[in-house]
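What follows is one structure encoded as C-alpha cells, with my remarks underneath.
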Amino acid sequence: MVKLAVAGAKGRMGSLIANLALQESDFKLVGVTEKPDSEFIGSEFSRGVKFYSSLREFEERPDVLIDFTTPNATLKNIEDAKTLGVSLVIGTTGFSEEEKRIIEEASKVIPIVFSPNMSLGVNILFKIVGEVTRALKDKGYDVEIFEIHHRFKKDAPSGTAVRLAEIVAENLGKNLEDVAVYGRKGLVGERKPDEIGILSSRMGDVVGDHTVFFGTLGERLELTHRATSRETFARGALIAAKWVFDKKPGLYTMFDVLEI
Ligand code: NAP
C-alpha cells in the first residue's frame, strides 16, 4: 500500500485526486495540504484525513506526494520532499527554464515523475507528433499548435502546448526559444519556414484541447486531443504515484510510467 499525500486539495485537480485515492485500496491517504494561510489547515478533508500547511507537519510520513498546485508551491514541496525522502508526482505547469533545472537537480536525490499532462491520450499524442515531425522535416510543412482551456487557468500557453512545441523543435533540431512565436498581431510579415506558432484561447469550462497542425500548400494534417473530464489526469497521476514510490532517484515522465 502506498502512503499518499496530495498538495492543493481544495483545488480542481487536488480535490479530485485525493477523493479518488480514498476510494482505492492501493492507497492510504495520510494527509493533504493547502496554503499555509488557508482557513482549512488543521481541519478534516475527509474520513479523518487532515489538511496540513506543509509536508513537514505530517504526523505520518507519506511515500509519495502528488502536486498539482502552482510553481512556487511546488518548489517549496520539492525542498521538503528532498529532506524527508518523499517521492514526487508533479503535474503543476508554468515553470520557467530555471525552475525546471531545480526539479532536475532534485531528481538526483528523490524519484520524480514530472509531466505537464498525465493522460494516456496526450502522451500518445506526444509520441505521434515526434514521429510526424520527423517524417515531414524539410518537406515544406508549417507547424502551428493551438490550445483551449477553461477561463480559470492561470498560465499560458498550457504546459502541454509547450511540451508539444518542444517535441517539434527537438525533432527539427531547433532550439524552441529561437523559433517559437506566441501569437501574432500587426504587420508581422510572411511566416518564416522555421516558426513554430503557439496560440492559446481561454473560454468557459474547456478541460483541455490541443491541436498540432502540419500545413503545406494543398493540404494540412491536424492531430487533436480533447480531454472531456479531469478524471483522465487524476487517474494518470495515481498510476504514476503507484509506479514511482519504490523507484531510484531520477527524473521520469509518463512515457516511463506508461511504458510507451
Ligand atoms: P487550482 O484549482 O487553482 O488548484 C491549485 C490549488 O493549489 C489551489 O487550491 C491553491 O490554493 C493551492 N495552493 C496554492 N499554493 C499552495 C501551497 N503553498 N500549498 C498547498 N496548496 C497550495 O488549479 P488546478 O486546475 O487544479 O491546476 C493546478 C495545476 O495543475 C496547474 O498548474 C495546471 O496547469 C496543472 N494541471 C496539470 C495537469 C496534468 O495532467 N499534468 C492536468 C490539469 C492541470 P488557492 O486557490 O487558495 O491559491
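What the table shows:
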{"item": "Some residue of the stretch 218-234 being in a helix (DSSP H, G or I) and among the aliphatic types (A, V, I, L, M)", "result": "yes"}
{"item": "Residues of the stretch 142-160 classified as more than 8 Å from the ligand (Cβ to nearest atom), closer than 22 Å to THR69 by Cβ and in contact with a Phe, Trp or Tyr (Cβ under 9 Å, 6 or more places away or on another chain), total", "result": "2"}
{"item": "Residues that are of a type outside the set (Ser, Thr, Tyr), buried (at least 16 other Cβ atoms within 10 Å of the Cβ) and not in a loop (DSSP other than H, G, I, E, B), drawn from the stretch 44-60", "result": "PHE45, VAL49, LYS50, PHE51, LEU55"}
{"item": "Unique residue being open to solvent by less than 10 Å² (accessible area, probe 1.4 Å), among the β-branched types (Val, Ile, Thr) and within 10 Å of the ligand (Cβ to nearest atom) when the list is ILE17, ILE41", "result": "ILE17"}
{"item": "Total residues in the stretch 61-77, condition buried (at least 24 other Cβ atoms within 10 Å of the Cβ) and of a type in the set (A, V, I, L, M)", "result": "3"}
{"item": "Condition met for LYS28 (more than 16 Å from the ligand (Cβ to nearest atom), under 22 Å from the mean Cα position of the chain (by Cα) and open to solvent by 20 Å² or more (accessible area, probe 1.4 Å))", "result": "no"}
{"item": "Condition met for GLU34 (open to solvent by 30 Å² or more (accessible area, probe 1.4 Å), at negative phi and either touching a residue at least 40 places away in the same chain (Cβ under 8 Å) or of a type in the set (Gly, Ala, Ser) (or both))", "result": "no"}
{"item": "Evaluation of GLY208 against (1) open to solvent by less than 30 Å² (accessible area, probe 1.4 Å); (2) at negative phi; (3) within 15 Å of the ligand (Cβ to nearest atom) (one fails), failing number", "result": "(2)"}
{"item": "Matching entry among ARG163, ARG101 (being closer than 18 Å to TYR252 by Cα, within 13 Å of the ligand (Cβ to nearest atom), part of a helix (DSSP H, G or I) and open to solvent by 10 Å² or more (accessible area, probe 1.4 Å))", "result": "ARG163"}
{"item": "Residues satisfying the stated conditions in the stretch 118-147, i.e. surrounded by 18 or more Cβ atoms within 10 Å (Cβ to Cβ) and either of a type in the set (S, T, N, Q) or under 30 Å from TRP243 (Cα atoms) (or both)", "result": "MET118, SER119, VAL122, ASN123, LEU125, PHE126, VAL129, VAL132, THR133, GLU147"}
{"item": "Residue in the stretch 169-186 that is within 23 Å of ALA227 (Cβ to Cβ) and within 16 Å of the ligand (Cβ to nearest atom) present", "result": "no"}
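The values are calculated or read from the model by the stated rules, or taken from the named source; none is laboratory data. Keep in mind that this is a model prediction, so the values were computed, not measured. Cβ atoms come from the backbone with ideal geometry, glycine included; neighbour counts cover every protein chain shown. Just the protein is used for accessible areas: all its heavy atoms, side chains included, with ligands, DNA and RNA removed. Shrake-Rupley method; radii C 1.70, N 1.55, O 1.52, S 1.80 Å.
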